[in-house]
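The values are calculated or read from the model by the stated rules, or taken from the named source; none is laboratory data. For clarity, every value in this text was computed on a predicted model and none was experimentally measured. Note: ideal-geometry Cβ built from the backbone for every residue, glycine included; neighbour counts use all protein chains shown. To get the accessible areas, we keep the full protein, side chains included, count just its heavy atoms, and leave off ligands, DNA and RNA. Shrake-Rupley method; radii C 1.70, N 1.55, O 1.52, S 1.80 Å.
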Amino acid sequence: MMVLLSHYASHWMSNLAWVGFASTGVDLFFVLSGYVFAPYILSNKPLTWTSHLVRRFFRLYPLYLTALLVYALQRGGLSETWVEFTRHLFMAHTLGGLDTAFYFNPAFWSLPPEVEFYLFMPLVIWLVKRFGAWPVFAAAALARLALVAPGTSGVIEITARAISTVHLPGLLVEFMVGVLVFQQSQHRARPVGVGLAPSLRLPWLAVAALAAALWLYGWAIAPGPAHTATLPAVITGNIGMVAALAYGLLVAAVLTWRLESIPPFMKHCANQLGQLSYGIYLFHNAAPALVIHLMPELANAGVRLSLASLCCTVLVAWTANRLIERPARQWGRSLAGPSEGAALQK
């Protein structure tokens, strides 16, 4: 929903400087992915690589392919469209410039590094078992800094180093934040007490970290490209990593809540939103064009266009979940077998 906000805000806001921070919702997703797979990275739970990949393929690719076809049809039958379609089909669209990566849907850029995380899961497991989660996290953070530091702020470079920053070499640190959050949640007893007990300190620490990330974005990125270009790339290129660290603390804070006290209705709504989140992420940038096609009077309607697009996105995501996403996941689980257990049923 954060990424959706960052994309829809242009319909009803003239100054998007601060809204761009909502795009760090992708970094939150990477943190959550690391958290979900942490039981296999940190423990001796069995991970059959082929079964794991079958599950991941049917979890991601059928709905992605459906969304890709929707965006291609919206683009029309141009020869360029089908060239880019082929690149996206093999998830090679982040190996070039932004024109290719964002050709159909800017949100598609995050899928290749996610797939790489799944492909290299056995290596991540081996590294963590051999050296420990904290050293792997530190090495990943240093790798990210080393990749970003030589860059030039405000300049999009199509080089192996620059491309690596938006792939696993540059983003592993964000997945590892989620792994560490899971590790610490397993070692920490449920906090009790009064005053500034751990249960209260952690949420305040998370809020402070998120405020710091937001301030950094506002200082370095929000003023615009001219200002950003005057700052070192090691600052402007690491907003996502800083946000991921803040989100890690936020997730850790949420884990201290007493879930039994949350009303069942809220749990149900959160669960349903989680079921639709992938579809919302994939289809939300297609919705405005569809809404305008069906209701041309909303083309310049601002907030009403955004609300109509949101309703359209949720409807499409719900339909796709029932007709494509859910059956594909069930099929993948049946092909992979039960060996991976519930933790991989993300």
Members of the range 261-309 found to be hydroxyl-bearing (S, T, Y) and farther than 22 Å from R322 by Cα, listed by number: S261, S306
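Okay, residues lined up against (1) closer than 30 Å to R333 by Cβ; (2) of a type in the set (A, V, I, L, M, F, W, C); (3) touching a His at 6+ places or on another chain (Cβ under 6 Å):
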{"position": "V26", "(1), (2), (3)": "yes, yes, no"}
{"position": "G34", "(1), (2), (3)": "yes, no, no"}
{"position": "I41", "(1), (2), (3)": "yes, yes, no"}
{"position": "P46", "(1), (2), (3)": "yes, no, no"}
{"position": "L60", "(1), (2), (3)": "yes, yes, no"}
{"position": "V70", "(1), (2), (3)": "yes, yes, no"}
{"position": "T81", "(1), (2), (3)": "no, no, no"}
{"position": "T86", "(1), (2), (3)": "yes, no, no"}
{"position": "A92", "(1), (2), (3)": "yes, yes, no"}
Could you list, in sequence order, the residues of the range 228-270 that are among the small types (G, A, S), assigned to a helix (DSSP H, G or I) and buried (at least 16 other Cβ atoms within 10 Å of the Cβ)? A233, G240, A243, A244, A246, G248, A252, A253
Looking only at the range 300-309, which residues are open to solvent by less than 50 Å² (accessible area, probe 1.4 Å) and either within 14 Å of A67 (Cα to Cα) or not hydroxyl-bearing (S, T, Y) (or both)? A301, G302, L305, A308
Which residues, taken from the range 279-295, are in a helix (DSSP H, G or I) and open to solvent by 20 Å² or more (accessible area, probe 1.4 Å)? Y281, A289, L290, I292, H293, L294
Condition met for T313 (modelled with pLDDT of 95 or more, open to solvent by 50 Å² or more (accessible area, probe 1.4 Å) and either of a type in the set (A, V, I, L, M, F, W, C) or in a helix (DSSP H, G or I) (or both)): no
Which of (1) of a type in the set (A, V, I, L, M, F, W, C); (2) assigned to a helix (DSSP H, G or I); (3) more than 21 Å from L276 (Cα to Cα) is the odd one out, the single condition M13 does not satisfy? (2)
Residue count, the range 38-74, condition under 30 Å from F104 (Cα atoms) and either surrounded by fewer than 16 Cβ atoms within 10 Å (Cβ to Cβ) or among the small types (G, A, S) (or both), comes to 6
Which residue out of A208, A220, A189 is modelled with pLDDT of 80 or more, out of contact with any helix residue (DSSP H, G or I) (no Cβ under 7 Å at 6 or more places or on another chain) and small (G, A, S)? A208
Candidates H7, H88, filtered to the one that is part of a helix (DSSP H, G or I), surrounded by 18 or more Cβ atoms within 10 Å (Cβ to Cβ) and at pLDDT below 95: H7
Which residue, of L4, L65, is touching a residue at least 12 places away in the same chain (Cβ under 8 Å), under 18 Å from G274 (Cβ atoms) and in contact with a helix residue (DSSP H, G or I) (Cβ under 8 Å, 6 or more places away or on another chain)? L4
2 or more residues among the small types (G, A, S) and either open to solvent by 60 Å² or more (accessible area, probe 1.4 Å) or touching a helix residue (DSSP H, G or I) at 6+ places or on another chain (Cβ under 7 Å) (or both): qualifying helices (runs of 4 or more DSSP H) within the range 99-166: 133-148, 160-165
